[in-house]
Amino acid sequence: MSQLEVRQLRKQWQETLAVKDISFEIAQGEFVALLGPSGCGKSTTLKMIAGLEDPSAGSIHLNGQDITHLPPGKRGLAMVFQSYALFPHLSIAENIVFGLKARGVGALERDQRLKRVTDLVNLGDHLAKKPSQLSGGQCQRVALARAIIAEAPLCLMDEPLSNLDAKLRNEMRVELRALQQRLGMTVLYVTHDQVEAMSMADRILLLNQGEIAQCGTPNALYQTPENTFVARFIGNPPMNLLHQDRSMLGVRPEHIRLAETGIAADVQRCDYHGADTIIDACLPSLSQQLIKLRLPGHQLLATGTRLNLQWFSDDQHLFCNTTGQRLPDYAQPTLTTHSLIQKELHHVTQH
Amino acid sequence: MNRLNQLYAWLMLLPALVLLLAFTHIPALTTLWHSLFFPARGRRPSEFAGLENYRSMLDDAVFWQAFYNNLWYAIGTVPTSMGLALAMALWVNSKISGRAALRLAYFTPTMLPMIAVANIWLFFYTPEIGLFNKLLNSVGLSGINWLGDPNWALPSLMLMTIWKEAGFFMIFYLAALQSLNKDIYAAAAVENASPLYVFRRITLPLLMPTTLFVLVNAVLNAFKLVDHLFILTKGGPNNATNLLLYYIYENAFSFFDSNYAAALTLVLLTLLILLALVQFLLIERRVHYR
């Protein structure tokens, strides 16, 4: 039985439909990322689940209980906010046990749980300090500790890492995921950062304009995007979409390789990223459409250099020209087959 | 270079410094000097009195009455108007329809000049035709001589002052409430904190800087706002509503004893400085500044 069930959830403000009847489920112990560009309705969805926003229609069930209209505090969930939402006048210890005090948990149990949680998130030395005396990463840990100590069946996180710098964000990502797995927490995690979603989540719910564009494992979203939105959103740089007669052909920059033969392309510019170089090239055979490819190392290619491109047939995707939906794999590409090669057996790719 | 910077600094400070010296510091020192003399009478020049003005203050029953009146006036108006201000601010900060109109309504008394307010309230308090007595009469109670009865005169003034001041302090509380982080309240709601608990543990502590500011201002106002006395009671009946500043005015401009008024002024000034110091020292420790 799934832990959280969201059915036909909708949010409407006058004319604008922010969330369009979305339904999904989260199982016990699962880490689900609610991913999408800004304004796609992901934060609104989270707020409705938390009870901070009233849904216009639909229902929310947690462990079989209808919580759609319960006040936030009665829903049995914890939440981590983007701004951390720490109480600036209270000490770290007071911040963490705030909810336990409000719920009337006894002092002895409170102290035990505080000890346990502060050990988990490494905050032991800072308990007497005020939030203003801590760094961003430490504040994030306090917010996390406050959510963990509640031992709620569901933990909601609203872009918890987006206020941290890149290095700290990477560290916290690993730490957060490890903590979630160790405690078996059920997490719904809102983010606009696909790297966070890809690296941490068991499952990704990708939202676009208030609708679920695709729901599946990170690998599924990457390998078999169901429409062009998913194809372009997941992956960096995004998937190339080449317009053909009746369909669009998608291939990821990292899946393109240079070969002796293949589809011809003329280099436009090179963008050096350190470990690899992103090359923009145009395809004379496809009315000069632009294609991006990722080559390892530092590539210095003069503008106009002729390249021959190849990719595995497994790595190409076909989408309908009008609806943008994925076309079944048996629909053969109209692109010249000489750019397709069979996968070599010794070639190591993980699918 | 450093000297030039110094010169610039002093030049920049000069306008403010001149104004402060001319209208604050020099008059204060002159007042101190004046308070050490007897007033000039007729052709007799004023004579050095030493601390005689201060000594006679100790024996001056009217001074002591004005002093205690003022103390009661402060105790009666400051906490009540601050409490009301906070309650009103919390109310007009919540999601209610027509809250813009409500905010304006609460703020209206502040926009009126004290003299105008006193004239309005003079009508409320008038014994025969006043609003309050008409209301009392309509429920069968006999009227009260609000401003004429020594027992009622000071409380009547306090009531009007609370009405006048609460709206002003509400604006400060409202501004402070609106600057508080909304996420904090969302977090508290998720933690199942009751409204009372949230108010006690979060709102009130976070409003402490505002409370200190309002408190200092309210206490100062209680000692320096006497405009309404000129309209309502002129310190009477029998000095029942005489306040320190009004008594200073009486001494200086009715009794023409500007030297005694100077001595009273210094006493009032010292009192206010002491009060402000006590408030800062007592509350500073409990204030969390962001």
Pair list, Cβ < 7 Å and 6+ apart or interchain, from segment A:294-308 residues that are in the same structural domain as A:Asp271 (by TED's automatic domain parsing) to residues that are in a strand (DSSP E or B) and loosely packed, with under 10 Cβ neighbours inside 10 Å:
A:Asn308/A:Glu260
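Within segment A:32-51, work out how many residues are among the small types (Gly, Ala, Ser) and within 14 Å of chain B (Cβ to nearest Cβ).
Initially, segment A:32-51 is screened for residues among the small types (Gly, Ala, Ser), giving A:33, A:36, A:38-39, A:41, A:43, A:50-51.
After this cut, where a residue has to be within 14 Å of chain B (Cβ to nearest Cβ) as well, the list is A:43, A:50-51.
Number satisfying all stated conditions: 3.
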I'm trying to understand the selection: among the residues of segment B:87-119, which are β-branched (Val, Ile, Thr) and surrounded by fewer than 15 Cβ atoms within 10 Å (Cβ to Cβ)?
B:Ile96, B:Thr108, B:Ile115
When segment A:57-82 is examined, which residues are found to be crowded, with 21+ Cβ neighbours inside 10 Å and away from chain B (no Cβ under 13 Å)?
A:Ile60, A:Leu62
Does A:Leu156 count as part of a strand (DSSP E or B), within 14 Å of chain B (Cβ to nearest Cβ), buried (at least 17 other Cβ atoms within 10 Å of the Cβ) and in contact with a strand residue (DSSP E or B) (Cβ under 8 Å, 6 or more places away or on another chain)?
yes
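Within segment A:282-307, work out how many residues are out of contact with any Cys (no Cβ under 8 Å at 6 or more places or on another chain) and among the polar types (S, T, N, Q).
Count: 4.
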Among the numbered criteria (1) more than 13 Å from chain B (Cβ to nearest Cβ); (2) surrounded by 16 or more Cβ atoms within 10 Å (Cβ to Cβ), which single criterion is violated by A:Pro88?
(1)
If you go through segment B:142-151 one residue at a time, do you hit one that is open to solvent by less than 60 Å² (accessible area, probe 1.4 Å), hydrophobic (A, V, I, L, M, F, W, C) and within 30 Å of A:Ala147 (Cα to Cα)?
no
Please work out if A:Leu168 is under 31 Å from the mean Cα position of the chain (by Cα), surrounded by 14 or more Cβ atoms within 10 Å (Cβ to Cβ) and farther than 22 Å from A:Lys47 by Cα.
yes
Condition first: buried (at least 17 other Cβ atoms within 10 Å of the Cβ) and more than 30 Å from A:Leu156 (Cβ to Cβ). Can you find one or more residues in segment B:180-201 that meet it?
no
Looking only at segment A:205-250, which residues are open to solvent by 30 Å² or more (accessible area, probe 1.4 Å), closer than 19 Å to A:Arg294 by Cβ and more than 16 Å from the chain's Cα centre (by Cα)?
A:Leu241
Scan segment A:31-50 for residues that are within 19 Å of A:Ala143 (Cα to Cα) and either open to solvent by 10 Å² or more (accessible area, probe 1.4 Å) or free of Cβ contacts under 8 Å to residues at least 40 places away in the same chain (or both) and jot them down.
A:Ser43, A:Lys47
Can you name the condition, by its number, that A:Gln28 falls short on among (1) farther than 26 Å from A:Gly216 by Cβ; (2) out of contact with any strand residue (DSSP E or B) (no Cβ under 9 Å at 6 or more places or on another chain); (3) open to solvent by 10 Å² or more (accessible area, probe 1.4 Å)?
(1)
When A:Asp54 is run through (1) within 14 Å of chain B (Cβ to nearest Cβ); (2) within 26 Å of A:Arg232 (Cα to Cα); (3) of a type in the set (Asp, Glu), the failure sits at (2)
Matching residues, segment A:111-136, being open to solvent by less than 30 Å² (accessible area, probe 1.4 Å) and assigned to a loop (DSSP other than H, G, I, E, B):
A:Leu123, A:Leu134
Restricting segment B:243-282 to residues that are free of Cβ contacts under 8 Å to residues at least 24 places away in the same chain and of a type in the set (Val, Ile, Thr), which is nearest to B:Lys224 (Cα to Cα)?
B:Ile248
So, in segment B:172-209, exactly how many residues are within 22 Å of B:Ala222 (Cα to Cα) and either facing chain A (nearest Cβ under 9 Å) or at pLDDT below 90 (or both)?
2
Among (1) at pLDDT below 90; (2) under 28 Å from B:Asn242 (Cα atoms); (3) of a type in the set (A, V, I, L, M), which single condition is B:Ala74 missing?
(1)
From the list A:Lys101, A:Lys115, pick out the single residue that is more than 25 Å from the chain's Cα centre (by Cα), more than 14 Å from every other protein chain (Cβ to nearest Cβ), more than 22 Å from A:Tyr189 (Cα to Cα) and of a type in the set (Lys, Arg).
A:Lys115
Can you confirm whether A:Glu151 is open to solvent by 10 Å² or more (accessible area, probe 1.4 Å), among the charged types (D, E, K, R) and at pLDDT below 90?
yes
Looking at the structure I just gave you, is A:Leu9 within 13 Å of chain B (Cβ to nearest Cβ) and open to solvent by less than 10 Å² (accessible area, probe 1.4 Å)?
no
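Would it be correct to say that A:Gly51 is modelled with pLDDT of 90 or more and either touching a strand residue (DSSP E or B) at 6+ places or on another chain (Cβ under 9 Å) or not assigned by TED's automatic domain parsing to the domain that holds A:Ser162 (or both)?
Yes: the conditions hold for A:Gly51.
The values are calculated or read from the model by the stated rules, or taken from the named source; none is laboratory data. On a predicted model such as this, the values are computed, not experimentally measured, just so you know. So basically every Cβ, Gly included, is an ideal-geometry build from the backbone, and we count neighbours across all protein chains shown. Accessible surface is based on the protein model in full, side chains and every heavy atom, while ligands, DNA and RNA are left aside. Shrake-Rupley method; radii C 1.70, N 1.55, O 1.52, S 1.80 Å.
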